[in-house]
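Novice: Mind having a look at this structure? Questions to follow.
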Amino acid sequence: MSETLDAATSNGASGDLDTLETREWLEALDAVLAHDGPDRARELLTRVVERAQHAGTGLIGSLNTPYVNTIPASREAKLPGDPLIERRLRSIVRWNAMAMVVRANKESSELGGHIASYQSLATLYEVGFNHFWHAPSDQHGGDLVYFQGHSSPGNYARAYLEGRLTEEQLDAFRQEVSKPGGLSSYPHPWLMPEFWQFPTVSLGIGPITSIYQARFMKYLHARGLANTEGRKVWCFVGDGEVDEPETMGSIGMAGRERLDNLIWVINCNLQRLDGPVRGNGKIIQELEADFRGSGWNVIKVIWGSRWDPLLAADHDGRLLRVMEESVDGEYQTYKSRDGAYVRQHFFGKDPVLLERVAHMSDEEIWLLNRGGHDQQKVYAAYHEAVRHKGSPTVIIAKTIKGYGMGPAGEGQMITHQAKKMTEEALLAFRDRFELPLSDEQVRAAEYYKPPEDSPEMRYLRQCREKLGGSMPRRRRRAESLPLPPLETFKGQLEGTGERAISTTMAFVRVLAALLRDKQLGPRIVPIVPDESRTFGMEGLFRQIGIYSPLGQLYQPQDSQQLMFYKEDQHGQILEEGITEAGSISSFIAAGTSYSTHGVPMIPFYIYYSMFGYQRVGDLVWAAADSRARGFLLGGTAGRTTLNGEGLQHEDGHSHVLFSVVPSCRAYDPAYGYEVAVIIHEGLRRMFVEQEDCFYYITLMNENYRHPPMPDGAQEGILRGMHIVRDAGAPRSRKPRVQLFGSGTILQEALAAAELLERDFGVLADVWSVTSYTELRRDGIEVERWNMLHPTAPQRTPYVTEALAPRRGPVVAVSDYVRTLPDLVRPWVGRTYRVLGTDGFGRSDWRWALRRFFEVDRHHIALAALKALADDGEVDAALAAQAIERYQIDTEAPIPTSV
Ligand SMILES: Cc1ncc(C[n+]2csc(CCOP(=O)(O)OP(=O)(O)O)c2C)c(N)n1
Ligand SMILES: [Mg+2]
């Protein structure tokens, strides 16, 4: 029997009733291991544990394995190629990445930048670049790598060696505006559109979007739209970043969907910005259990090769015990000191261990390396990860933050933000990584690139040539899709006659028409977070199926019905369950498919508008940053229209939130024909013209009749406003007002127009304002152009132009906060009164809510009369009459305060 087992036996001796029996069991296991190997041992133990648990022992075992590498040294795939050249290359990339930041900060510390994170990642990246990551080529569709945002200097430094970037560009790091070709601080597809694919720097965004990317690739494959087999999604995650709910929130889905095309590498440098990630615990062990519990293949890469002999000699498990007992806070401190400190404080925890390392010098102890800095260990892990089938893989690698920075940062609390290196630290860095630079070159932090025909450069080129060329690389365009004629949506253009429907229903019909289109139909990706029935879309379940890699392993309860719940391996709907963050990640994957896969796809993600931007705003920005194209549909929108749901459901501000996203076109349509025209135009702009924008359209659940599209309305609908009620009588001298309404509240504006005419003899033209945000965009552009061309004939903003032929003050009424109609105030050019739903939502009848928020027909009429009175067009007494006639409570508290 081995010493290890002795130690284990005595470990458990505290409560061991029968040590002899224990010993026999362990010996039996020893024998199995020796004769039949570890697989057989695992099988036997699994059966034994099952039997015991069945008999009522309760939980046995844990999701953790010991604090050592998952792949034993004996089973490691060996790094092919030339390890020494790889080390030299990596050292050069390290140097240049560091030099970029140091040089920028010599100029001014205003520019910032990070050194320490990439220094901890370098080996993890370089092994990938040299051996694993395919660029898209004729042989391979290309791997997708989500690089850590704030380690971008590492990517730039490599691109420099590969000849993709010049020294001037490196010197223009973080000077994207003032220096042409300047390098963006973080990955950004707008700023470097042919380089960066994934905007990752907001922590948590990379991880969650990588999961849904991997899933989307399986979906594309299953639907026969692209061959994504053999392509991998790699995502680099910081150990501090795992605290973001977005990072860990969807790992269960990845396990459940068996995303074996997904590989995460968690860089456990044990530190985040302020301090240790888990000073009092062990992040690696914590993550191991989390991921294993979620069905991932876990590969821990903790110790480097220099530990192998010590671990091989650890028959009594004493080294392992100290490794297990030491917490991350200690591991960080060890690496900020020296070999003598490690000897005393780590090995010194056990006198026997001290003895065991007595023959080693302090220097040798210092050189005991961590797994994430050992190219051999990293290679072995990657090798296994890319071959693993049936589940996603996470590689949990232990590293040192600020590796190589010495006293300037290595393992130090302050390392994250260190942007400067003293001369001494620079010289030490050069010596440690054996860079052929003179002291003078070091002091100037000069870049270093070996001659093109040097063995290093040839090796670098060869490795990348084998893998299809340089990466990351971003595709800007894909084929354009054929646009169906507007008449495809004939039903919406013709109106509903006497039938009352909602704009949601109008949208579902538009979607159904698109799905029927032979060419566009297959490109449509309906995405829903468990709200299909809310939006009347359950008909699609049966018609196009819900994607599931498993198909349907059960007979659905409603299988007798026409529209049963159908899961299907080739299904088209992405039914995400209750995860808005996951759903918008799918939207991003589908909306960028034109770029990442060269296959344009058209996502329609429909959700409760209240649970959109305000729930996942940063992912909305990630969609914009990614140059995603597609449609976001904010369903059940409007604070008083979704009347029964109250406080947390009623959206009165999503349009304001979306107004700040540069690539978003937002619309608040009132009629089916508007929905059809907007979607048709969106398809044209995004999928024919290939404009990198996306559409946000709010939809309502209130039923009313939809008229046919008036002649010539199209341009106004798209630019943001068109007239829907013309009071006529252009020469009449009666007082006249212009009413703006949108969405369902347009109906109140129309009713107010009738009241004004009937009760007060006031003429009212009514406009459907489909987009205040588009009108504002136009106003800003025109104003800017006029400012820059002061002597040229001046242009007119669309709002001003549209209103010009019509008299009277304007009253705008919205189911959103007043800020929304206020967006166009500068260009209305006359008295402008705005009514909106500022305040907290609540439940009641729609009419009651509209009265409460003062956006009902009576308040609109009152606002119009008051505006006319202020303009001197009517007597103020008329407004007072309206208050009386419509029984308006003048002392009601303002809705924002109740
Ligand atoms: C959502 C978000 N919050 C905060 C930050 C600021 N920030 C950038 S890096 C960082 C620390 C990251 O630590 P870790 O994930 O461990 O990465 P490391 O640099 O150690 O590799 C912080 C707080 C951010 N980029 N995104
Ligand atoms: Mg970290």
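The values are calculated or read from the model by the stated rules, or taken from the named source; none is laboratory data. Every value quoted in this text rests on a predicted model; they were computed, and no experiment measured them. Every residue, glycine as well, gets a Cβ built from its backbone with ideal geometry; the counts of neighbours run over all protein chains shown. Note: accessible area is taken over every heavy atom of the protein model, side chains too, but ligands, DNA and RNA are not part of it. Shrake-Rupley method; radii C 1.70, N 1.55, O 1.52, S 1.80 Å.
Novice: Write out, first by first residue and then by second, each pair whose Cβ atoms fall under 8 Å of each other, whose residues are 6+ apart or on separate chains, and whose first residue, in region 257-269, is more than 30 Å from Met413 (Cα to Cα) while the second is within 16 Å of ligand 2 (Cβ to nearest atom) and modelled with pLDDT under 95.
Specialist: none
Novice: Name the single residue that is nearest to Arg533 (Cα to Cα) among those in region 471-481 being open to solvent by 30 Å² or more (accessible area, probe 1.4 Å) and touching a helix residue (DSSP H, G or I) at 6+ places or on another chain (Cβ under 8 Å).
Specialist: Top of the filtered list is Ser480.
Novice: I'm told Ile883 meets every condition in (1) out of contact with any Pro (no Cβ under 7 Å at 6 or more places or on another chain); (2) among the β-branched types (Val, Ile, Thr); (3) open to solvent by less than 70 Å² (accessible area, probe 1.4 Å); (4) touching a residue at least 24 places away in the same chain (Cβ under 8 Å) except one. Can you identify the failing condition by its number?
Specialist: (4)
Novice: Still on this structure, I have one more. Kindly indicate whether any position in region 370-385 is without any contact (Cβ under 8 Å) to a residue 60 or more places away in the chain, out of contact with any Asp or Glu (no Cβ under 6 Å at 6 or more places or on another chain) and either open to solvent by 10 Å² or more (accessible area, probe 1.4 Å) or within 16 Å of ligand 2 (Cβ to nearest atom) (or both).
Specialist: No.
Novice: Now for a different question. Any idea which of Thr819, Thr791, Thr800 is within 21 Å of Ser654 (Cα to Cα), out of contact with any strand residue (DSSP E or B) (no Cβ under 7 Å at 6 or more places or on another chain) and of a type in the set (Val, Ile, Thr)?
Specialist: When all the criteria are applied, what remains is Thr819.
Novice: Okay, next question. So in region 641-669, with the set limited to residues that are among the small types (Gly, Ala, Ser) and modelled with pLDDT under 95, which one is surrounded by the most Cβ atoms within 10 Å (Cβ to Cβ)?
Specialist: Gly646
A quick yes/no check of all residues on (1) within 19 Å of Thr399 (Cβ to Cβ); (2) at pLDDT 95 or above; (3) not aliphatic (A, V, I, L, M):
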| position | (1), (2), (3) |
| --- | --- |
| His35 | no, yes, yes |
| Pro38 | no, no, yes |
| Ala52 | no, no, no |
| Gly56 | no, no, yes |
| Ile60 | no, no, no |
| Asn69 | yes, yes, yes |
| Leu89 | yes, yes, no |
| Trp95 | yes, yes, yes |
| Met98 | yes, yes, no |
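Novice: Follow-up question, since we're still on this one. Residues in region 722-744: is at least one under 39 Å from the mean Cα position of the chain (by Cα) and of a type in the set (D, E, K, R)?
Specialist: Among the residues of region 722-744, not one is under 39 Å from the mean Cα position of the chain (by Cα) and of a type in the set (D, E, K, R), which makes the answer no.
Novice: Now for a separate question. From the list Gly495, Gly411, pick out the single residue that is small (Gly, Ala, Ser) and touching a Pro at 6+ places or on another chain (Cβ under 8 Å).
Specialist: Going through Gly495, Gly411 in turn, the sole match is Gly495.
Novice: Would you check if Ala99 is over 18 Å from Asp239 (Cβ atoms) and surrounded by 24 or more Cβ atoms within 10 Å (Cβ to Cβ)?
Specialist: Criteria met by Ala99.
Novice: In region 548-583, how many residues are assigned to a loop (DSSP other than H, G, I, E, B), within 19 Å of Ser250 (Cβ to Cβ) and of a type in the set (A, V, I, L, M)?
Specialist: Qualifying residue count for the region: 2.
Novice: What are the residue pairs meeting all of these: first residue in region 13-35, first residue free of Cβ contacts under 8 Å to residues at least 12 places away in the same chain, second residue surrounded by 12 or more Cβ atoms within 10 Å (Cβ to Cβ) and part of a helix (DSSP H, G or I), Cβ atoms under 8 Å, and 6 or more apart or on different chains?
Specialist: That search, which allows pairs on different chains as well, returns Ala13/Thr19; Asp16/Thr9; Asp16/Thr22; Thr19/Thr9; Leu33/Ala41.
Novice: Take Leu540 and decide whether it is touching a Pro at 6+ places or on another chain (Cβ under 9 Å), surrounded by fewer than 19 Cβ atoms within 10 Å (Cβ to Cβ) and within 19 Å of Leu562 (Cα to Cα).
Specialist: In short, no.
Novice: Report yes if some residue within region 138-160 is touching a Pro at 6+ places or on another chain (Cβ under 8 Å) and either modelled with pLDDT under 95 or aliphatic (A, V, I, L, M) (or both); otherwise report no.
Specialist: Among the residues of region 138-160, at least one is touching a Pro at 6+ places or on another chain (Cβ under 8 Å) and either modelled with pLDDT under 95 or aliphatic (A, V, I, L, M) (or both), which makes the answer yes.
Novice: Which residues, counting only those in region 281-310, are open to solvent by 50 Å² or more (accessible area, probe 1.4 Å) and more than 16 Å from ligand 2 (Cβ to nearest atom)?
Specialist: Asp290, Arg292, Gly293, Arg306, Pro309, listed by residue number.
Novice: Can you confirm whether region 519-534 contains a residue that is open to solvent by 10 Å² or more (accessible area, probe 1.4 Å) and in contact with a Pro (Cβ under 8 Å, 6 or more places away or on another chain)?
Specialist: Yes: one or more hits.
Novice: Filter region 190-204 down to the residues that are open to solvent by less than 10 Å² (accessible area, probe 1.4 Å) and more than 16 Å from ligand 2 (Cβ to nearest atom) and list them by number.
Specialist: Hit for region 190-204 is Trp196, nothing else.
Novice: Among the residues of region 318-347 satisfying the criterion of being polar (S, T, N, Q) and assigned to a helix (DSSP H, G or I), which is nearest to the chain's Cα centre (by Cα)?
Specialist: Gln332
Novice: Does region 98-118 include one or more residues that are under 22 Å from Cys463 (Cα atoms), of a type outside the set (Ser, Thr, Tyr) and within 16 Å of ligand 1 (Cβ to nearest atom)?
Specialist: No, every residue in region 98-118 fails to be under 22 Å from Cys463 (Cα atoms), of a type outside the set (Ser, Thr, Tyr) and within 16 Å of ligand 1 (Cβ to nearest atom).
Novice: I've got another one for you. Given region 227-317, what strands (runs of 3 or more DSSP E) lie entirely inside it while holding 2 or more residues that are within 13 Å of ligand 1 (Cβ to nearest atom) and within 30 Å of Pro83 (Cα to Cα)?
Specialist: 233-238, 262-268
Novice: Quickly run through region 769-799 and pick out the residues that are surrounded by 12 or more Cβ atoms within 10 Å (Cβ to Cβ) and of a type in the set (Lys, Arg).
Specialist: Arg776, Arg777, Arg795
Novice: Looking at His221 and the list (1) over 15 Å from Asp625 (Cα atoms); (2) of a type outside the set (A, V, I, L, M, F, W, C); (3) in contact with a helix residue (DSSP H, G or I) (Cβ under 9 Å, 6 or more places away or on another chain), which single condition is not satisfied?
Specialist: (3)
Novice: A follow-up question, please. Run Gly163 past the list (1) open to solvent by less than 10 Å² (accessible area, probe 1.4 Å); (2) without any contact (Cβ under 8 Å) to a residue 12 or more places away in the chain and report the number of the one that doesn't hold.
Specialist: Among (1) open to solvent by less than 10 Å² (accessible area, probe 1.4 Å); (2) without any contact (Cβ under 8 Å) to a residue 12 or more places away in the chain, Gly163 violates only (1).
Novice: Of the numbered conditions (1) among the acidic types (Asp, Glu); (2) within 16 Å of ligand 2 (Cβ to nearest atom); (3) farther than 30 Å from Ala77 by Cα, Asp328 fails exactly one; give the number of that condition.
Specialist: Only one criterion in (1) among the acidic types (Asp, Glu); (2) within 16 Å of ligand 2 (Cβ to nearest atom); (3) farther than 30 Å from Ala77 by Cα is unmet by Asp328, namely (3).
Novice: Can I ask one more? Does Val177 meet the test of being within 16 Å of ligand 1 (Cβ to nearest atom), surrounded by fewer than 24 Cβ atoms within 10 Å (Cβ to Cβ), aliphatic (A, V, I, L, M) and not in a helix (DSSP H, G or I)?
Specialist: Judged against the criteria, Val177 is not a match.
Novice: Tell me which residues, restricted to region 559-583, are over 23 Å from the mean Cα position of the chain (by Cα) and open to solvent by 20 Å² or more (accessible area, probe 1.4 Å).
Specialist: The answer is Ser559, Gln560, Gln561, Leu562, Met563, Phe564, Tyr565, Lys566, Glu567, Asp568, Gln569, His570.
Novice: I'm checking my understanding of the structure. Among residues of region 210-268 that are open to solvent by less than 20 Å² (accessible area, probe 1.4 Å) and acidic (Asp, Glu), which one is nearest to ligand 2 (Cβ to nearest atom)?
Specialist: Looking at residues that are open to solvent by less than 20 Å² (accessible area, probe 1.4 Å) and acidic (Asp, Glu), I get Asp239.
Novice: Among the residues of region 493-505, how many are out of contact with any Leu (no Cβ under 8 Å at 6 or more places or on another chain) and either over 21 Å from Met537 (Cβ atoms) or open to solvent by 20 Å² or more (accessible area, probe 1.4 Å) (or both)?
Specialist: 8
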